[in-house]
Structure formats: structure tokens, C-alpha cells
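The values are calculated or read from the model by the stated rules, or taken from the named source; none is laboratory data. Given the structure is predicted, the values throughout are model-derived calculations rather than measurements. Cβ placement follows ideal geometry from the backbone for every residue including glycine, while neighbour counts extend to all protein chains displayed. Just the protein is used for accessible areas: all its heavy atoms, side chains included, with ligands, DNA and RNA removed. Shrake-Rupley method; radii C 1.70, N 1.55, O 1.52, S 1.80 Å.
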Amino acid sequence: MILHKDTAKKTAELLLQIKAIKLNPSDPFTWASGWKSPIYCDNRITLSYPPVRVFLKEEIAKIVETQYGKPDVIAGVATGAIAIGILVAQELGVPFVYVRPEPKKHGRKNQIEGHLESGQNVVVIEDLISTGKSSLGAVEALKEAGDYEALDKHVFPGYKRVAAKVLSYIH
């Protein structure tokens, strides 16, 4: 689903300019979901280009505020959405946490890193969505950790029942 055509067009142009889009039809890429695709978007490359990074930070922050209002917390899905999530949280002036696919096996054994309080409104940022499995896993981890408002109230259109305020800048 494209929320803003101009933003989508500019994002695509920037991704092509910095060569973040990779094509390999003869040997498809395997995504984390297990899907095979001749196309791969390496979003981490955007972090190496300050103008691209600033554009994404500002545009995602605008979309978050427009779609959901100002959240109490931004949560990034590890590992791909940690950096962009931090940038968006900084732009919005709100705290940031990140969610691992599973709890660590050492130390404090956290799955969620950062400070959350019961009842906070959390927007989950994801860098890339195929099946939505990692996004849903992050939402479930947040729900299990405490009573966070609005996690079940919105289905982000176009993402196969992703039951949360999950925002992906590439899909």
C-alpha cells in the first residue's frame, strides 16, 4: 500500500541512485521469510548516505504522526529497523526500544531493549515486510511484556493481517 505517491516515488529514486536495489533473476535471493525473489532491497545502505537517511527519517516521522498521532514510543524490529527506528524516534522526540526475534540467551535475557511503561502507545517500525512474521513477533513480544495501547486496534492495510501499528518504509 502506498500512502504518499510522491514520497514513494522519491524513495524509489533514491534507492536506485544509491544502488540499494539488487537484481539477480538467475540466482534469486532468499529472504528471511524463506521466499525466493530476483529482487532484493538492501535498506541498510541508506544509512551510509546522509541525505537519504534524513529524507527517510523525516518522511516516516510525518507518516507516523499523520496516521497515528504522536506515539509515546517507537519500537524497531531487530536488526534491520533499529537504525531507522532510532532516527524516527529522534525526529519525533520520543523514546526508542527495539525488539529481538527471541530473548537473548545470556545477560538479562531481554527480548525488548529499552524502557517501556504499561499503557504507552507504541508504533512498530519495520524496514522490510514480506509475510509480516517478524513484525507480528515484535508485536506479540510487546503485548506479552505489558499492556500497550493500540497494538490490537489497527491492521496496517496490505500486510496480511499485521495486527499493529506497523510501518514499513519498503514493502
Exercise. Looking at (1) under 13 Å from the mean Cα position of the chain (by Cα); (2) closer than 23 Å to Y49 by Cα; (3) at pLDDT 85 or above, can you tell me which one S168 breaks?
Worked result: (3)
Problem set entry | Cβ-Cβ under 8 Å pairs, at least 6 apart or on other chains, the stretch 22-42 side closer than 22 Å to A12 by Cβ and free of Cβ contacts under 8 Å to residues at least 60 places away in the same chain, far side open to solvent by 80 Å² or more (accessible area, probe 1.4 Å) and in a loop (DSSP other than H, G, I, E, B) | P38/P25
For this session: Just name the residue that is most open to solvent (accessible area, probe 1.4 Å) out of those in the stretch 52-82 that are assigned to a helix (DSSP H, G or I), under 20 Å from K19 (Cβ atoms) and touching a residue at least 24 places away in the same chain (Cβ under 8 Å).
Result: R53
For this session: Take G85 and decide whether it is surrounded by 23 or more Cβ atoms within 10 Å (Cβ to Cβ) and modelled with pLDDT of 90 or more.
Result: yes
For this session: Tell me which residues, restricted to the stretch 116-147, are under 13 Å from V97 (Cα atoms), open to solvent by 50 Å² or more (accessible area, probe 1.4 Å) and touching a strand residue (DSSP E or B) at 6+ places or on another chain (Cβ under 7 Å).
Result: A145
